[in-house]
Amino acid sequence: MNSRERRRILENGVRALEFLVCEPDPATGDLRARPGVSELLLGALRLAAAGEKPAAGTARLAHYLNAVGDGRGASERLLDECFSAALRHGVILSGAATADDGRREFLLGHFERLFAALKILPECLTAAERPELSPGTRALFAALPEGRAAVEAALADADELSRGRCFLFRGGKLIPVAPESVKPVHKFFGFAGMRAIYRDHFNDFASGACNVPLLIHSLPGYGKTSMVLSYALAVPDVTVILPEPAALEREWDTLLERLCRRPDRKFVLFFDDIDPRAVDWYHFRTNVGGAFSPPGNIMVVLSSNYEFPAGILSRGRRMSYPVFDEVRCTEMVEDFLLDFGLKRPPRNLVSLIAADYTEEFGQKKFTELSPRTLMRYLNVYGMNRNKRRTIAEMSLGDVITKPDGELFYEFNIELMRSLYGEEYIQKLLKDKLKSL
């Protein structure tokens with residue numbers, strides 16, 4: 001390749017990158033790139049295209065290239081920035097192309113010219129600079145895609161949302177995770193009404209019928225987190241985003257803007273374990289049922305151990321779990337036995353298992369009476385053949401122990417007192433007396 005052809009390719013690469021990532025500086029009128037890899041690449045391409053020897057003490061081409069290729073994941077960062085640049089131009093390169101998608105072809109032409117220029121940047125180093133190029137940087141530029149089809153395939157693979165279906169949102173980044181609490185929806189027991197709401201609401205969201213927020217409240221240990229994740233991910237087209245609770249105040253606008261660029265995806269935005277009393281609800285009230293509403297492909301789910309304010313409840317669908325007592329306990333045990341293979345679980349057996357669970361709580365094997373600890377007990381029961389045989393034999397006897405309702409009552413009252421204070425308990429008693 002002669003110097004004239006090389007310069008033409010480099011100048012085309014400069015113009016392509018300027019179009020893709022630059023915006024004008026109102027003060028100077030110069031085109032400036034976004035900070036990061038794009039800014040470094042633009043400096044490298046401009047320097048190489050100019051073909052001038054830099055003055056002493058200024059950055060040379062090798063410095064720019066090493067900065068781009070420095071550290072692990074340099075290739076991923078480069079392709080991520082390119083994919084994000086396409087999103088800012090309204091093109092989703094990981095989606096299927098359509099016959100009349102002129103914008104996509106227009107952008108791909110720019111990316112093809114850009115990568116052709118990037119590919120030859122190491123060749124533009126002077127003989128004195130070549131030993132300065134690190135092996136990792138050399139490998140990065142050698143592996144860059146070449147040609148329209150290869151560039152398109154590489155950019156499609158750079159879609160961060162293709163790396164999973166559940167993501168943490170931390171520091172402006174989406175980090176793929178595989179939550180341990182996710183399980184098949186048929187492995188949840190009891191609370192049939194709650195499970196039906198989850199099933200119907202997420203299916204309605206996936207079908208485009210509804211994206212009303214879910215506002216979920218219960219005492220600790222009721223499985224809110226696990227149910228939301230499991231029922232959301234049970235719908236094939238849904239992606240779950242898990243921001244920190246503080247993002248309701250600090251990063252709400254940024255996150256919403258980012259997800260709005262992806263109309264090809266359906267997002268459940270799940271804020272878990274928040275304290276409604278400590279949240280500044282300004283951004284939520286403005287963007288959910290206020291001046292604005294999320295687009296149809298985004299649904300917000302809020303989960304808390306505390307009740308939500310009335311002004312927030314009016315913007316969504318309230319889900320409040322019934323208190324876990326001896327009735328809910330036996331319902332869960334019965335569902336467990338049905339799943340275990342018993343077509344008609346005997347009442348005596350159900351009662352004895354529930355009573356044995358409360359007895360183990362009394363023996364301090366569990367710190368709380370909750371669906372969470374009951375499931376822990378039932379998992380042990382299912383794996384312990386001797387325990388199953390003993391309880392089954394006892395269920396054939398004349399004396400059948402029932403779970404202690406008073407024990408549930410006392411535990412729940414103390415738990416609510418510790419969470420909500422004495423005034424809440426007095427209000428409960430007052431409401432109870434009124435109902436009588």
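Numbers below:
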item: Exclusive hit being hydrophobic (A, V, I, L, M, F, W, C), assigned to a strand (DSSP E or B) and in contact with a Pro (Cβ under 6 Å, 6 or more places away or on another chain), set PHE169, PHE141; result: PHE169
item: Where LEU369 falls short, out of the listed (1) modelled with pLDDT of 95 or more; (2) part of a helix (DSSP H, G or I); result: (2)
item: Conditions (1) at pLDDT 90 or above; (2) out of contact with any Asp or Glu (no Cβ under 6 Å at 6 or more places or on another chain); number of the one not met by LYS266; result: (2)
item: SER293, sole failed condition from (1) more than 20 Å from HIS201 (Cα to Cα); (2) without any contact (Cβ under 8 Å) to a residue 12 or more places away in the chain; (3) assigned by TED's automatic domain parsing to the domain that holds SER218; result: (1)
item: Which listed residue, of ARG130, ARG148, ARG165, is surrounded by 14 or more Cβ atoms within 10 Å (Cβ to Cβ), basic (Lys, Arg) and more than 31 Å from the chain's Cα centre (by Cα); result: ARG148
item: LEU133 vs. criteria farther than 27 Å from ARG277 by Cα, of a type in the set (A, V, I, L, M) and in contact with a strand residue (DSSP E or B) (Cβ under 9 Å, 6 or more places away or on another chain); result: no
item: Selection within segment 382-408 - of a type in the set (Gly, Ala, Ser), free of Cβ contacts under 8 Å to residues at least 60 places away in the same chain and touching a helix residue (DSSP H, G or I) at 6+ places or on another chain (Cβ under 7 Å); result: GLY382, ALA392, SER395
item: First in segment 354-381 and over 20 Å from SER226 (Cα atoms), second anywhere and of a type in the set (Lys, Arg) and in a loop (DSSP other than H, G, I, E, B), Cβ under 7 Å, 6 or more apart; result: ALA355/LYS402
item: Only one of PHE270, PHE284, PHE292 that is under 30 Å from PHE408 (Cβ atoms) and not small (Gly, Ala, Ser); result: PHE270
item: Some residue of segment 260-267 being assigned to a strand (DSSP E or B), free of Cβ contacts under 8 Å to residues at least 60 places away in the same chain and touching a Pro at 6+ places or on another chain (Cβ under 8 Å); result: no
item: So PHE284, is it at pLDDT 95 or above and crowded, with 20+ Cβ neighbours inside 10 Å; result: no
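The values are calculated or read from the model by the stated rules, or taken from the named source; none is laboratory data. Just so it is clear, the structure is predicted and the values come from calculations on it, not from any experiment. FYI the Cβ positions are ideal-geometry reconstructions off the backbone, even for glycines, and counts take in every protein chain you see.
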